[in-house]
Amino acid sequence: MGVFDELQARGLIAQCTDEDKVRELLNGDKPTAFYIGFDPTADSLHVGHFVAIMLLAHLQRAGHIPIALFGGGTGMIGDPSGKTDMRKMLTREDIDHNIDCFRRQMSRLVDFENGNAHIVNNADWLCNLNYIEFLRDVGVHFSVNRMLAAECYKQRLEKGLSFFELNYMIMQSYDFLVLRRKYGCILQLGGDDQWSNIIGGVELNRRMDGKESYGMTVKLLLTSDGRKMGKTEGGAVWLDPNKTGPYDFYQYWRNVDDADVINCLKMLTFMPVPQIEEYAQKTGGELNAVKEILAYEVTKLIHGAEEADRAQAAARALFGVDCNAGDAAPSTTLTDADFIGGKANILDLLVKTELAPSKAEARRLVQQGGVRADGELVAAIDFALTREQVADGGVLIKKGKKAFHRVNI
């Protein structure tokens, strides 16, 4: 099975500008240079980027040459796609820092050594453009009427679309032109919300240089009811372990809805499709074991086997499968400041361990019987742990059925 067929079998492919040609390129023996763009709007990639990174990895494994384009230039403007308001503008220093973070995270799945893949920053060519020359040579090929008909702009027109943002499509299209000229890149990939921008690049290559290029979009990572995955009550699920710990990352995937587990296995792991199809036959309680497999495999890809083992041990300890998980639980070390009169109040501890976002929410959890300390129900909001209790191996605080945290000294 060629890699295009593999991607189709995994339900990843959404649209192609020329499906037959893209299939020929990707299933063929000749390496094809392709690119995917990432706007460095934060200091970590998140679950929304996961599919794109897997796409880079799948195609590299098939012998093709990935180009990870970091939008140091376009990131100063921000893509209006999927946004109801203009993005916060970032400084060059912020963008450079974010790009360094992205590179480290992506290197777990993509080999950037020895020219096997390229990392480029579009600030290298966008930030030095002569505005008049750019308008004359590139801008002339874009129809404002057609641009405004694109989905990425239509949804912004009612609230207001700045001229600043209107330039985004032109700049992304210009990226494709530059990468084709410099690296022989003839294929742009992206999420399905990038379709209009990708078409713009394909058309610009043809109009300016008379060269054919192609585009393919992949499906966004959505739940069965159409919501974007990767959001929790606490915000985005990040790939940086300092923003979303490996245990919390594992638990996110362990707790996906039954209807989403097979799709996630196909899109976010390298597990063979026939094996996943066997799991698709399972129903009801049998799916819990499949969810555990999903959580482990995804955590291993992003955080490594050791952290995946620790997260799995911690989760099993929570559900009574292995009560001797030791230090596998996520933990926080308390200081003298956490003890008032030799005691640490449970509300303060719930907030400190991020089991609750505020003391008000912590109070509600306790009053509703949703908190336990080393297995014992916390019945009152004035419950406190002594220094001696915490010093003796730590105390495991549990919120509800699925979240827990160890405090120690």
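Worth a mention:
- Within the stretch 42-72, the residues that satisfy the criterion of being assigned to a helix (DSSP H, G or I) and either in contact with a helix residue (DSSP H, G or I) (Cβ under 7 Å, 6 or more places away or on another chain) or aromatic (F, W, Y) (or both) are F50, V51, I53, M54, H58, L59.
- Among residues of the stretch 387-409, those that are part of a strand (DSSP E or B) and farther than 19 Å from A362 by Cβ, counted: 1
- Sub-7 Å Cβ pairs linking a first residue in the stretch 1-22 that is touching a residue at least 12 places away in the same chain (Cβ under 8 Å) to a second residue that is in a loop (DSSP other than H, G, I, E, B), at least 6 apart or interchain, are V3/A62; G11/K219; L12/K219; A14/K219, ordered by first then second residue.
- Pairs where the first residue, in the stretch 287-299, is in contact (Cβ under 8 Å) with a residue 12 or more places away in the chain and the second is among the aromatic types (F, W, Y), C-beta under 6 Å, 6+ apart: V290/Y279; L294/W253; A295/Y250; A295/W253; V298/W253; T299/F249; T299/Y250
- Selection of the stretch 387-406 for residues being within 15 Å of G342 (Cα to Cα), aliphatic (A, V, I, L, M) and either surrounded by fewer than 21 Cβ atoms within 10 Å (Cβ to Cβ) or outside the structural domain of G341 (by TED's automatic domain parsing) (or both) yields only A391.
Yes/no per residue for (1) more than 30 Å from H405 (Cα to Cα); (2) in a helix (DSSP H, G or I):
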| position | (1), (2) |
| --- | --- |
| T217 | yes, no |
| S224 | yes, no |
| Y247 | no, yes |
| Q251 | no, yes |
| V261 | no, yes |
| M271 | yes, no |
| Q275 | yes, yes |
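- Whichever residue in the stretch 57-79 is closer than 19 Å to L220 by Cβ and surrounded by fewer than 22 Cβ atoms within 10 Å (Cβ to Cβ) and, among such residues, is modelled with the lowest pLDDT: G78
- Test: residue in the stretch 26-41 that is touching a helix residue (DSSP H, G or I) at 6+ places or on another chain (Cβ under 8 Å), without any contact (Cβ under 8 Å) to a residue 40 or more places away in the chain, surrounded by fewer than 20 Cβ atoms within 10 Å (Cβ to Cβ) and not in a loop (DSSP other than H, G, I, E, B): yes
- Some residue of the stretch 187-198 being without any contact (Cβ under 8 Å) to a residue 12 or more places away in the chain, surrounded by 15 or more Cβ atoms within 10 Å (Cβ to Cβ) and in a strand (DSSP E or B): no
- Counted residues, the stretch 199-222 - those being surrounded by fewer than 19 Cβ atoms within 10 Å (Cβ to Cβ) and under 17 Å from the mean Cα position of the chain (by Cα): 3
- Residue match in the stretch 376-384 (condition: outside any loop (DSSP other than H, G, I, E, B) and touching a residue at least 24 places away in the same chain (Cβ under 8 Å)): yes
- When restricted to residues that are basic (K, R) and in contact with a helix residue (DSSP H, G or I) (Cβ under 6 Å, 6 or more places away or on another chain), the stretch 220-230 contains 0.
- The stretch 223-272, residues that are hydroxyl-bearing (S, T, Y) and surrounded by 14 or more Cβ atoms within 10 Å (Cβ to Cβ): T223, T244, Y247, Y250, Y252, T269
The values are calculated or read from the model by the stated rules, or taken from the named source; none is laboratory data. Quantities reported herein were computed from a predicted structural model and do not represent experimental measurements. So basically every Cβ, Gly included, is an ideal-geometry build from the backbone, and we count neighbours across all protein chains shown.
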